[in-house]
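Engineer: Take a look at the following structure, please.
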Amino acid sequence: MRTSLTAARSRRVTRPLAAVCAVAAAAGVLSACGTPGASTPAAPADGGAVSTAFPTEKVTLSILTSDDSPTTKALTAAFTKLHPNVTIDYRYTPYDNYDTNLGLALGSEDAPDLALLNLLGNTAKSGLLRDLDPYVAAYGWDKKVSASQLDQWRSPGKGNQLGTGKLWAAPAGFSLVGVYYNKAVAAKLGITAPPQTLAEFEEQLAKAKAAGELPIQVSNLDGHASFIFQALADRYQDLASSSKWAFNTPGSTIVNEAGTKAAQKLADWAKAGYLPEGANGTDNAGSITSYAKGQGLFLFNGSWAASAVEKALPGGSGFFTLPGEKADDGATGVGTSLAYAISAKAKHPDAAGAFLDFLNTAEAADIQLANGFMPVAHADSVKPAPNTVMVDYVTAWGKVSKDNGLVPFFNNASSTMNTTLTSQSQQLIAGKTSAADFLKALQADWQKGQQ
C-alpha cells in the first residue's frame, strides 16, 4: 500500500516492513490553534511541553513524503494561505526508496519536521518520532476522531503491534473498502435499494444469478477477493477481534468460527458462479471496465476506484459497506489512512502540530475528498458532486466513522500477508484449497511475523 491514492488502497503493511485515511472536526478553520501569543500547555513530549500558539515569525516547515498524489501539496497550500509566514520545504522521495531511507532522514541533523509514514517499523522504537499524545490532549483530537481511526497509528513502540500505546502519526485522509452496485443492473432485477442484512445481500446475489446476471465482479489478480473474505469475517465476529488480528496482538487467530464461516462463504459463492470465472486473471482496471459494461451487479473495491468507476459509468453506481447479520448492526468497513508523524528532531514541532490539527478542519476535509480520500472529519459537511457515487461513499464513511467501525486491512497483518492472501484466495475460489487450509496458511504467515 503506497501513499499515493493507489497506495492508500494498497492495504498498508503495519509491521516493520510496510504500512499506509480520518481527520477530526474543529469549530472553524484552525480555531484550535488559538491566536498568536495564546498557549495551551500539555503533557511533556520528548522533554518539553507543547503549545497551540502559532508562531508569528517566519517559519520553514519541512515535510518529507512519498505521496505522489496532489493531496499533500493541496493541504500544505491551504495551510500556508492561512499562515503566510510559513514556507513549506517539500521533500519528495519515490516510494521504492522512501522506507529504506526514512530512518536515516529522521536521524540526520537535517531531519524534517513532518514525515509521511508508510509503516511504523522501528521509527518509534528508535526514538525517531515525537509522541503525539500531548497534541491529542492539547487539541482534543480524541474527541473529534474515532478511536478506530487513531488506533491504526498507536503502538507501544516496538512497531510490530498496533492498536494500543502512544500515537505516532496523525491521519490525513482515509481509504474505505465496500461494495459498488450497478444501478442499471439492479433496476433490471427489480432491486431498488442496497441490502440491509447479509441475508438480503445473499438473496440479491441469488436473484442476479437466476436472471443470468453476474452477481459479483472482482479482480483477484491483485487479491481483491480478500476484501470479500475480510468484510464477511468482520461481520461474523466483533470488530475488536478482527482489529486485534490485523494489529498483530499476541494470541490472536483467524482460525476461528468467524474466519471459517467467511472463508467457506467465499468458496461457496465462487462455486455457485457468483464470481467471474476469470477473476484470478483480472486486474483492478479490468474489473472496473467489465463492471461498467454491466458484467456484475456488485463490485468489491475501495475508494481509490471511485473516480475510475464514475468515469466509466457516470451516475450509474451506488455504494454501501457490507451489512451485518441484523439490520441494526453498526456500520463497518475495511480501511486505512495516509498519515504524518512529527520528527523527534523537528525544528518547529508546534507548527507541525498545528498542521496536523489543520487536517481535522472542514477545509481540509474538502481537499481530502477532492483528491479521492475519505475525510477524517466533517464527513457530514463535505459536498461531493451530485448524482455521483461519491455521494453514497461519503454517507457510508460518515456511518462508519460514527459507529467507530473502521477495521484495518488483514493484508497488513504481516509483511508477507498481502502475498499470502492473494495466492490463497486465488486457490480458494478456484476450488484448489479448503477453507480450513486457507485459514491455516494465513495464521502460519501471521505467526511467522510474530517472531
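Engineer: Do we have P215 as crowded, with 21+ Cβ neighbours inside 10 Å, of a type outside the set (G, A, S) and within 18 Å of A339 (Cβ to Cβ) here?
Structural biologist: no
Engineer: Out of N412, N387, report the one residue that is on the phi > 0 side of the Ramachandran plot and of a type outside the set (A, V, I, L, M).
Structural biologist: Exactly one residue qualifies, and that residue is N387.
Engineer: Let me ask something else. Within the set of pairs 6+ apart or on separate chains, which have a first residue in the range 393-411 that is within 15 Å of P171 (Cα to Cα), a second that is among the aromatic types (F, W, Y) and part of a helix (DSSP H, G or I), and C-beta atoms under 8 Å apart?
Structural biologist: none
Engineer: Of the conditions (1) aliphatic (A, V, I, L, M); (2) in a helix (DSSP H, G or I); (3) under 21 Å from the mean Cα position of the chain (by Cα); (4) farther than 30 Å from P70 by Cα, A231 clears all except one; give me its number.
Structural biologist: Only one criterion in (1) aliphatic (A, V, I, L, M); (2) in a helix (DSSP H, G or I); (3) under 21 Å from the mean Cα position of the chain (by Cα); (4) farther than 30 Å from P70 by Cα is unmet by A231, namely (4).
Engineer: Would you say N101 is in contact with an Asp or Glu (Cβ under 6 Å, 6 or more places away or on another chain) and either surrounded by fewer than 20 Cβ atoms within 10 Å (Cβ to Cβ) or within 23 Å of A413 (Cα to Cα) (or both)?
Structural biologist: No; evaluated as a whole, the condition is false for this residue.
Engineer: Can I ask one more? Give the residues of the range 212-232 that are touching a Lys or Arg at 6+ places or on another chain (Cβ under 8 Å) and within 20 Å of S317 (Cα to Cα), sorted by residue number.
Structural biologist: E213, P215 - these are the residues of the range 212-232 that are touching a Lys or Arg at 6+ places or on another chain (Cβ under 8 Å) and within 20 Å of S317 (Cα to Cα).
Engineer: Follow-up. Considering every residue within the range 115-129, establish whether at least one is over 15 Å from A169 (Cβ atoms) and hydrophobic (A, V, I, L, M, F, W, C).
Structural biologist: No, every residue in the range 115-129 fails to be over 15 Å from A169 (Cβ atoms) and hydrophobic (A, V, I, L, M, F, W, C).
Engineer: Of everything in the range 68-98 that's over 20 Å from the mean Cα position of the chain (by Cα) and hydrophobic (A, V, I, L, M, F, W, C), which residue is surrounded by the most Cβ atoms within 10 Å (Cβ to Cβ)?
Structural biologist: Filtering the range 68-98 for residues that are over 20 Å from the mean Cα position of the chain (by Cα) and hydrophobic (A, V, I, L, M, F, W, C), the one surrounded by the most Cβ atoms within 10 Å (Cβ to Cβ) comes out as F79.
Engineer: Consider the range 155-197. How many of its residues are of a type in the set (V, I, T) and either outside any loop (DSSP other than H, G, I, E, B) or in contact with a strand residue (DSSP E or B) (Cβ under 7 Å, 6 or more places away or on another chain) (or both)?
Structural biologist: 4
Engineer: Any chance you could count how many residues in the range 210-228 are in a helix (DSSP H, G or I) and of a type in the set (V, I, T)?
Structural biologist: Final tally of qualifying residues: 1.
Each value in this text was obtained by applying a stated rule to the coordinates, not by laboratory testing. As the structure is a computational prediction, the values presented were derived from the model and not from experiment. Backbone-built Cβ (ideal geometry, glycine too); neighbour counts: all protein chains shown.
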